[in-house]
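Here the structure comes first, spelled out in structure tokens, and everything after it is commentary.
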Amino acid sequence: MYDIKSKKAEEFICDSEIRSTMQYATENSRNSELIEQILEKARACKGLTHREAAILLECNQPEYIEKIFALAREIKHRFYGNRIVMFAPLYLSNYCINGCVYCPYHAKNKTIRRKKLSQEDIRNEVIALQDMGHKRLALEAGEHPLHNPIEYILESIKTIYGIKHKNGAIRRVNVNIAATTVENYRRLRDAGIGTYILFQETYNKENYEMLHPTGPKSDYAYHTEAMDRAMQGGIDDVGIGVLFGLETYRYDFIGMLMHAEHLEATYGVGPHTISVPRLCMADDIDTADFKNAVPDDIFYRIVAILRIAVPYTGMIISTRESRECRGKLLEIGITQISGGSRTSVGGYVHEESEQENSAQFDIADHRTLDEIVEWLLDLDHIPSFCTACYREGRTGDRFMSLLKNGQIANCCLPNALLTLKEYIKDYASPQVREKAEAMIKRLTETIPNEKARATAQRYLTAIENGERDFRF
């Protein structure tokens with residue numbers, strides 16, 4: 001049944017192929033010659049197949065695990081340098097008609113407080129986010145035809161883009177909402193979204209249907225084929241992910257890579273981002289009820305192998321994970337993190353008590369955005385608030401071609417430095433400003449193209465003098 005270019009979910013995510021791959025990986029997990037061949041192929045930065053990646057994941061030999069981590073660091077630095085893109089989620093509504101058993105938004109939950117933001121509420125939340133320094137948001141909403149129709153999402157996007165407060169502006173809105181129609185994806189594209197994000201949760205159809213007993217999301221095929229419809233609707237930057245802990249990590253790791261391969265083979269461009277959330281505690285949800293928890297050591301290996309298997313794809317980690325975990329993952333694959341996040345509806349303006357909880361999940365990293373920026377600087381990462389590629393039309397295959405030939409670096413480093421300069425001028429604490437100024441001065445000199453370096457220095461001076469929004 002397996003057909004990488006099929007538009008049918010059960011053919012491009014084929015259960016028999018996944019199980020065959022798992023068996024193949026087990027049989028070859030100690031095949032040193034084959035593992036060396038796979039690592040050598042990965043060093044060419046052309047990616048790995050799901051079968052090759054599965055072998056690396058199954059390999060438990062310490063010397064090869066260390067080689068995998070070292071190669072992941074090398075590949076990540078080659079394509080992304082030490083830049084880390086910053087974003088924040090914005091929860092619009094937690095009304096939902098689905099029955100997802102791992103999510104506190106499920107329709108039968110009577111303890112969570114149901115909330116929906118008005119456009120004025122959204123304005124206040126966005127101003128709070130702008131005052132923190134954010135430039136990129138990920139919109140989140142439950143699935144509900146009355147409370148959260150596509151018209152509400154589109155109106156909210158328009159509201160967000162229209163808010164200019166002091167020097168603040170949200171320059172790119174990514175959208176994480178339920179699977180929808182080709183026509184609605186066209187409307188989202190026309191509204192100017194960045195990336196359309198949708199997590200598969202799990203690729204195991206039988207388990208998926210048990211985890212989603214009621215509601216529109218229970219339709220496995222419709223959900224799994226959502227990215228195909230998004231591509232058909234003209235959205236060429238899509239973000240995939242699974243919720244690790246719902247199914248065995250081996251199964252979903254393979255399924256997610258097969259999904260990436262399908263998009264690449266069918267549309268000429270794979271996923272723009274991959275997210276790797278792990279199941280965590282939330283209102284009405286106890287992780288002890290789920291038997292597939294992924295320990296840290298395996299989680300780190302998953303991220304490292306994803307980095308070398310899909311070297312051109314951005315990777316996202318949220319505040320579900322601790323400071324320690326996030327720091328480790330930054331080194332071996334992650335390129336985007338959230339900062340100062342709230343997962344409650346209206347949480348940036350009003351901090352909720354336990355009694356009025358509306359959050360989707362418990363946060364492990366509670367630091368402010370400024371604290372995270374300082375932490376990144378101390379680790380010699382560049383906190384980047386860049387949104388230039390979206391706004392310059394460098395999306396989809398255009399972005400990927402620049403990334404693959406290395407030309408994107410001529411844009412990314414100066415753009416990261418320019419947006420960091422904006423952040424420290426408008427929002428940073430004095431100690432963060434001092435550390436960032438030193439980094440900006442040092443790294444501006446390393447911009448390889450002389451003309452680009454001179455332009456960046458001119459833009460930095462203009463930002464210092466009060467001008468904003470320069471980009472390469």
Exercise for the section: Return yes or no: is Arg51 more than 14 Å from Ala265 (Cβ to Cβ), over 28 Å from the mean Cα position of the chain (by Cα) and basic (Lys, Arg)? Expected result: no
Practice task
Would you check which residues across the stretch 170-205 are touching a residue at least 60 places away in the same chain (Cβ under 8 Å) and assigned to a helix (DSSP H, G or I) and list them?
Solution key: Lys205
Problem - Leading residue by the ranking (modelled with the highest pLDDT) among those in the stretch 253-307 that are under 17 Å from the mean Cα position of the chain (by Cα) and among the charged types (D, E, K, R) - result: Arg307
Completion exercise
Within the stretch 330-371, the residues that are of a type in the set (D, E, K, R), surrounded by fewer than 18 Cβ atoms within 10 Å (Cβ to Cβ) and outside any loop (DSSP other than H, G, I, E, B) are Glu354, Glu356, Glu371
Exercise for the section: Please list, ordered by first then second residue, the pairs with beta carbon atoms under 7 Å, 6 or more apart or interchain, first in the stretch 437-453 and outside the structural domain of Arg83 (by TED's automatic domain parsing) and more than 11 Å from Leu420 (Cβ to Cβ), second of a type in the set (Phe, Trp, Tyr) and part of a helix (DSSP H, G or I). Expected result: none
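Could you identify the single residue in Gln360, Gln336 that is under 20 Å from the mean Cα position of the chain (by Cα) and closer than 30 Å to Ala452 by Cβ?
Working: Gln360 fails: closer than 30 Å to Ala452 by Cβ.
Criteria check complete, one pass: Gln336.
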Practice task
Keeping to the stretch 58-89, report how many residues are of a type in the set (Gly, Ala, Ser), touching a residue at least 40 places away in the same chain (Cβ under 8 Å) and closer than 13 Å to Ile308 by Cα.
Solution key: 1
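Scan Tyr102, Tyr152 and give me the residue that is farther than 19 Å from Ser318 by Cα and of a type in the set (Phe, Trp, Tyr).
Values: Tyr102 fails: farther than 19 Å from Ser318 by Cα.
The conditions single out Tyr152.
Does the stretch 375-396 contain any residue that is closer than 30 Å to Asp283 by Cβ and either surrounded by 14 or more Cβ atoms within 10 Å (Cβ to Cβ) or in contact with a strand residue (DSSP E or B) (Cβ under 9 Å, 6 or more places away or on another chain) (or both)? Step through it out loud before you land on a result.
Of the stretch 375-396, the ones closer than 30 Å to Asp283 by Cβ are 375.
Subsequent filtering for residues that are either surrounded by 14 or more Cβ atoms within 10 Å (Cβ to Cβ) or in contact with a strand residue (DSSP E or B) (Cβ under 9 Å, 6 or more places away or on another chain) (or both) retains 375.
There is at least one residue in the stretch 375-396 that is closer than 30 Å to Asp283 by Cβ and either surrounded by 14 or more Cβ atoms within 10 Å (Cβ to Cβ) or in contact with a strand residue (DSSP E or B) (Cβ under 9 Å, 6 or more places away or on another chain) (or both).
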Completion exercise
Every listed condition ((1) part of a helix (DSSP H, G or I); (2) at pLDDT below 95; (3) surrounded by fewer than 18 Cβ atoms within 10 Å (Cβ to Cβ); (4) not β-branched (Val, Ile, Thr)) holds for Lys46 save (1)
Practice task
Give the stretch 51-85 a look and list any residue that's in contact with a Pro (Cβ under 9 Å, 6 or more places away or on another chain) and part of a helix (DSSP H, G or I), or say none.
Solution key: Ile75, Lys76, Arg78, Phe79
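The values are calculated or read from the model by the stated rules, or taken from the named source; none is laboratory data. The shown structure was predicted, so the numbers you read here are calculated from the model rather than taken from an experiment. Glycine also receives a Cβ, built like all others from the backbone with ideal geometry; neighbour counts cover every protein chain displayed.
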